[in-house]
Amino acid sequence: MIELKTPGEVDAIAAAGDVVGAVLTAVAELAAPGVTPDELDMHAAEQIAAHGAKATFLHYHPQFAPTPYPAVTCISVNDAVVHGIPTGVPLADGDLLSVDLAVHLDGWCADAAFSMIVGAPRSPRDQVLIDTTEAALAAGIAAAVPGARMGDVGHAIETVARRARFGMLRDHGGHGVGRAMHEAPQVPNEGKRRKGLLLQPGLVIAIEPMLQAGGRDTYRHDADGWTLRTKDGSRAAHAEHTIAVTEDGPRILTAGRPR
Ligand code: MF3
Ligand code: CO
């Protein structure tokens, strides 16, 4: 069942989104060659507590995973696409870092992710991949207006990825957000125009394209059962915002995250 949110509830999710934005910004400022993802995760945990919020990912145990999630952030480096568990391996110049974070504040959740290059870039194509992922997200958000359908959102996302000739994970996508991180409806990163769920004011969703430099939709899980990696070893980027469909158009509720 899809629960539309009142304007007051959307504001409450935006308050959680402000914390997500601030914490991800703090993580991006700390990310540098020599720093480990574990250190970034610890920093995020401290910042979340300082904001009076709760880390949503920690101990989260969805059906697709063999074990409860052991960290506060997902940190996916280079060929890791999403759901990377933070490690003690120091970041190096040119690493493509993706950081995903959700928090609960006063019982409401917000979820966002961004990608960045650590230190000196290795290849200009990495920034193109990140920029294209952000452009795909922006196109999906722009399509999320009252009267449009979910297929319009997915179609907008996949069109950007396809034009740039980047691969995209197709069986992972976004989701409704509210009191829980994962609510109905699903938000696929592909779709047909004018098809699917009718979008109405009060719908709050996370939109999250995941693009890869190599071929389409080829990935595998690490032995940890969580980390999703491209099979061809090509790099991947992730961009996610929690947004509300409003009468005035889409409202980004995690706008404070790094870009
Ligand atoms: N942000 C991810 C998503 O949107 C959730 C990561 S899974 C977790 O699906 F277990 F780490 F929470
Ligand atoms: Co999400």
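The values are calculated or read from the model by the stated rules, or taken from the named source; none is laboratory data. Not measured: the values here are computed from a predicted model. As a convention, Cβ positions derive from the backbone with ideal geometry for all residues, glycine included, and neighbour counts pool all protein chains shown.
Details
- Filter result (within 25 Å of ALA213 (Cα to Cα) and near ligand 1 (Cβ under 9 Å from one of its atoms)) within region 65-86: THR73, CYS74, VAL82, HIS83, ILE85
- Any chance VAL103 is touching a residue at least 40 places away in the same chain (Cβ under 8 Å), crowded, with 24+ Cβ neighbours inside 10 Å and touching a Lys or Arg at 6+ places or on another chain (Cβ under 7 Å): yes
- Looking across region 1-26 at every residue that is farther than 11 Å from CYS109 by Cα and of a type in the set (A, V, I, L, M, F, W, C), the one that is surrounded by the fewest Cβ atoms within 10 Å (Cβ to Cβ) is identified as MET1.
- Identity of the residue in region 174-191, in a loop (DSSP other than H, G, I, E, B) and either modelled with pLDDT under 95 or surrounded by 22 or more Cβ atoms within 10 Å (Cβ to Cβ) (or both), that ends up farthest from ligand 1 (Cβ to nearest atom): GLY191
- Identity of the residue in region 50-100, assigned to a strand (DSSP E or B) and touching a Gly at 6+ places or on another chain (Cβ under 8 Å), that ends up nearest to ligand 2 (Cβ to nearest atom): CYS74
- Candidates ILE75, ILE85, filtered to the one that is of a type outside the set (S, T, N, Q), more than 17 Å from ALA112 (Cβ to Cβ), modelled with pLDDT of 95 or more and within 16 Å of the chain's Cα centre (by Cα): ILE85
- Selection over region 87-105 of residues that are among the small types (Gly, Ala, Ser), within 24 Å of ASP18 (Cα to Cα) and more than 9 Å from ligand 1 (Cβ to nearest atom) gives a count of 1.
Condition check ((1) within 19 Å of the chain's Cα centre (by Cα); (2) loosely packed, with under 14 Cβ neighbours inside 10 Å; (3) among the basic types (Lys, Arg)) across all residues:
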{"position": "GLY196", "(1), (2), (3)": "no, no, no"}
{"position": "ILE205", "(1), (2), (3)": "yes, no, no"}
{"position": "TYR219", "(1), (2), (3)": "yes, no, no"}
{"position": "ARG235", "(1), (2), (3)": "yes, no, yes"}
{"position": "ALA244", "(1), (2), (3)": "yes, no, no"}
{"position": "GLY256", "(1), (2), (3)": "yes, no, no"}
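- Among the candidates THR87, THR159, residue that is of a type in the set (Ser, Thr, Tyr) and in contact with a helix residue (DSSP H, G or I) (Cβ under 6 Å, 6 or more places away or on another chain): THR87
- Complete set of residues in region 177-201 that are in contact with a Pro (Cβ under 6 Å, 6 or more places away or on another chain) and under 30 Å from ALA213 (Cβ atoms): ASN189
- Verdict on PRO121 being over 20 Å from VAL19 (Cβ atoms) and part of a loop (DSSP other than H, G, I, E, B): yes
- Any hit, region 143-152, residues being surrounded by 23 or more Cβ atoms within 10 Å (Cβ to Cβ) and within 14 Å of ligand 2 (Cβ to nearest atom): no
- The single condition from (1) within 12 Å of ligand 2 (Cβ to nearest atom); (2) assigned to a loop (DSSP other than H, G, I, E, B) that ASP171 fails is (1).
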